[in-house]
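Here the structure comes first, spelled out in structure tokens, and everything after it is commentary.
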Amino acid sequence: MYNILVHLHSVNRWIVLLLIVLALIKSFSGWFGKKDFTDADKKSALFALIFTHIQLILGLALFFISPLVSFEEGALKSEIFRFYTVEHFTMMIIAIALITIGFSLSKRAQESITKFKRVAVFYLLGLIIILSSIPWPFRIPGAGWF
Ligand code: HEM
């Protein structure tokens, strides 16, 4: 079960990254091209939100069963324990919150340009945080690409 969850969480990172990038391309081109915010634009932002939330659920499940998360005394002195127990968890929650806020603010906006702007700004901030908090194999020993 643990291995399946790690694998799903690891592969889903690529889907999340791809969908956020697609939503960003659409929102920036809509914003700067002064286009109308269409159903396709909304769906693109929504799919990115859904897969980011799936990643959150997988991550939360892992948080409780992963041997790399530990609150035992002294564990946080180890870089890997500290990364998964504190850094990865906190930064990803912030990133997912930003993306969620961006989507709902965009939904509430009346004008197309405001809808595009809100997705563009919040999703971009979320993406930057996600990219900097992923356990890339060149940064965190033992982490995989898939
Ligand atoms: C968009 C958000 C996220 C992305 C892109 C992401 C990505 C990843 C990746 C690539 C790994 C390494 C998997 C491997 O070693 O192959 C990982 C591990 C992990 N993630 Fe996330 N994560 C996200 C959010 C979260 C959240 C919100 C939590 C906790 C609530 C979380 C908890 C964990 C844990 C505990 C591990 C360690 C799993 C293990 O190897 O034992 N992740 N994450």
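The values are calculated or read from the model by the stated rules, or taken from the named source; none is laboratory data. Note that the coordinates shown come from a computational prediction; the quantities given were computed from them, not determined experimentally. Here the Cβ positions follow ideal geometry from the backbone for every residue, glycine too, while neighbour counts run over all protein chains shown. Just so you know, the surface numbers come from the protein's heavy atoms only, side chains and all, with ligands and any DNA or RNA stripped out. Shrake-Rupley method; radii C 1.70, N 1.55, O 1.52, S 1.80 Å.
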Flagged in the range 119-142 as of a type outside the set (Ser, Thr, Tyr), without any contact (Cβ under 8 Å) to a residue 60 or more places away in the chain and open to solvent by less than 70 Å² (accessible area, probe 1.4 Å), in numbering order, are 121, 122, 129, 135, 136, 137
Of the residues in the range 62-84 that are surrounded by 15 or more Cβ atoms within 10 Å (Cβ to Cβ) and among the aliphatic types (A, V, I, L, M), the one that is nearest to residue 133 (Cα to Cα) is 80
Considering residues that are farther than 30 Å from residue 65 by Cα, open to solvent by less than 50 Å² (accessible area, probe 1.4 Å) and out of contact with any helix residue (DSSP H, G or I) (no Cβ under 6 Å at 6 or more places or on another chain), the number found within the range 85-117 is 3
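How do the helices (runs of 4 or more DSSP H) wholly within the range 1-110 filter down when requiring 2 or more residues that are within 10 Å of the ligand (Cβ to nearest atom) and under 15 Å from the mean Cα position of the chain (by Cα): which remain?
Working: elements: 2-32, 39-65, 79-82, 89-108.
Helices (runs of 4 or more DSSP H) meeting the threshold: 2-32, 39-65, 89-108.
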The condition from (1) within 19 Å of residue 135 (Cα to Cα); (2) out of contact with any helix residue (DSSP H, G or I) (no Cβ under 8 Å at 6 or more places or on another chain) that residue 25 misses is numbered (1)
